[in-house]
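Worksheet: the structure to be examined is printed underneath.
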């Protein structure tokens with residue numbers, strides 16, 4: 001575009017130069033004619049176009065703009081801007097070929113460029129318009145397809161919605177080999193990626209039945225789809241196999257005897273089985289290789305987003321779901337009845353357990369009280385035994401102490417007796433005798449002082465019998481003193497020390 005603008009501006013500059021040359025020639029011829037026909041000078045006028053003059057500097061401005069437009073056009077034909085997320089196949093005018101993977105301006109020298117997205121997506125969805133928009137910057141995916149109609153193992157068709165994201169190689173050698181093979185991103189999508197996507201999705205559907213898919217094997221389906229997209233499609237063989245029926249076929253019950261139900265049939269059912277072909281040498285499943293992997297293209301991610309089966313299968317699934325719901329309700333009712341039965345049994349067991357527990361509590365209480373009393377008796381007996389032992393030990397201690405005290409008293413008494421004996425032997429017990437004598441005399445004196453004396457005494461004189469005179473009392477007291485001395489067995493006479501020792505030795 002910039003080159004076209006530059007050419008237009010060049011034409012304008014040339015036209016302007018021709019116009020100015022024409023004006024100069026026209027002006028010169030007019031002045032020559034004016035000199036020849038001087039008389040008619042006032043009547044002759046310049047042509048109308050000769051009065052039009054281009055502004056000064058117009059040609060310079062046009063030349064400047066032309067040069068800028070030509071430079072811009074030349075720059076765009078020599079350089080291009082590499083966007084992020086793209087890898088570019090560049091062919092220059094000199095025949096050079098290279099790969100541009102960076103971001104920024106790069107030279108292609110009036111050559112050709114093919115921009116390849118580093119990641120291309122193939123999407124089958126009912127919310128996206130059909131068509132291939134490989135390199136449109138505004139496109140969300142690389143290829144948008146309508147949902148693919150696939151056939152499951154049990155001959156149930158469905159509209160599958162899936163997406164696969166591919167990564168193209170970035171090293172120069174592999175990328176150039178891929179670019180030479182497929183020439184453009186659109187061609188790569190049409191002849192390689194989209195057919196592989198469709199074939200693998202259908203091959204995955206052939207591995208299982210729709211019943212299995214909607215019964216919980218959806219994640220396995222997605223895993224197998226991604227596995228086959230990355231590593232190749234399994235080579236399989238479909239077989240019909242007759243197996244024993246898990247649920248026996250039973251005839252209708254007899255009304256007269258409902259429990260008598262006769263079985264019929266051979267108890268066999270026919271199922272379809274898919275067997276993967278195994279390589280005899282390696283023991284691994286045989287696969288059909290994905291051709292795009294030979295050119296360094298790798299599957300980054302694969303997903304199955306939705307699966308819409310046909311209306312007949314949906315109706316059958318609804319009936320099956322309704323039957324399953326009824327079975328579930330019946331099962332729940334059965335479970336409820338069993339729970340009620342168990343609840344009744346549990347209540348009875350609970351009441352029995354409560355009574356047993358109550359009786360057990362009473363037994364434990366009685367036993368505990370008896371055990372407590374027994375332990376109290378044992379404790380009291382043990383206390384008394386310990387007290388008796390303590391008293392016995394105390395008695396033994398007191399006995400030992402009494403024996404010691406008795407021995408000490410005996411020893412003291414013996415010492416005192418020995419001392420007194422020595423004293424008596426030493427002075428013939430003079431002090432004791434004197435003390436006894438004094439006591440005797442005091443007693444008799446006191447008794448004599450208190451005697452009753454008659455006012456008149458009748459009696460004869462001479463040698464007559466005493467009848468209570470003082471002399472009679474004196475004689476009586478002397479006799480009593482002598483008698484007491486005899487009883488005390490002591491001699492009132494004073495002896496010498498030598499005689500005392502002699503008596504003691506005797």
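The values are calculated or read from the model by the stated rules, or taken from the named source; none is laboratory data. Not measured: the values here are computed from a predicted model. Using ideal geometry, Cβ is built from the backbone for each residue, glycine included, and neighbour counts are taken over all protein chains shown.
Would you confirm, using the coordinates I've provided, whether residue 350 is over 30 Å from residue 171 (Cα atoms), at pLDDT below 85 and out of contact with any helix residue (DSSP H, G or I) (no Cβ under 8 Å at 6 or more places or on another chain)? Answer is yes for this residue.
Here are 318, 358, 339, 322: which of them is out of contact with any strand residue (DSSP E or B) (no Cβ under 6 Å at 6 or more places or on another chain), without any contact (Cβ under 8 Å) to a residue 40 or more places away in the chain and surrounded by 11 or more Cβ atoms within 10 Å (Cβ to Cβ)?
Numbers: 318 fails: surrounded by 11 or more Cβ atoms within 10 Å (Cβ to Cβ); 358 fails: surrounded by 11 or more Cβ atoms within 10 Å (Cβ to Cβ); 322 fails: surrounded by 11 or more Cβ atoms within 10 Å (Cβ to Cβ).
Step by step, each of 318, 358, 339, 322 is checked, and only 339 is out of contact with any strand residue (DSSP E or B) (no Cβ under 6 Å at 6 or more places or on another chain), without any contact (Cβ under 8 Å) to a residue 40 or more places away in the chain and surrounded by 11 or more Cβ atoms within 10 Å (Cβ to Cβ).
Can you tell me which residue in the stretch 91-106 is modelled with the lowest pLDDT, limited to those that are over 14 Å from residue 170 (Cα atoms) and either surrounded by 15 or more Cβ atoms within 10 Å (Cβ to Cβ) or outside the structural domain of residue 179 (by TED's automatic domain parsing) (or both)? Residue satisfying both the conditions and the ranking: 106. Of the residues in the stretch 191-198, at least one is in the same structural domain as residue 114 (by TED's automatic domain parsing) and over 49 Å from the mean Cα position of the chain (by Cα).
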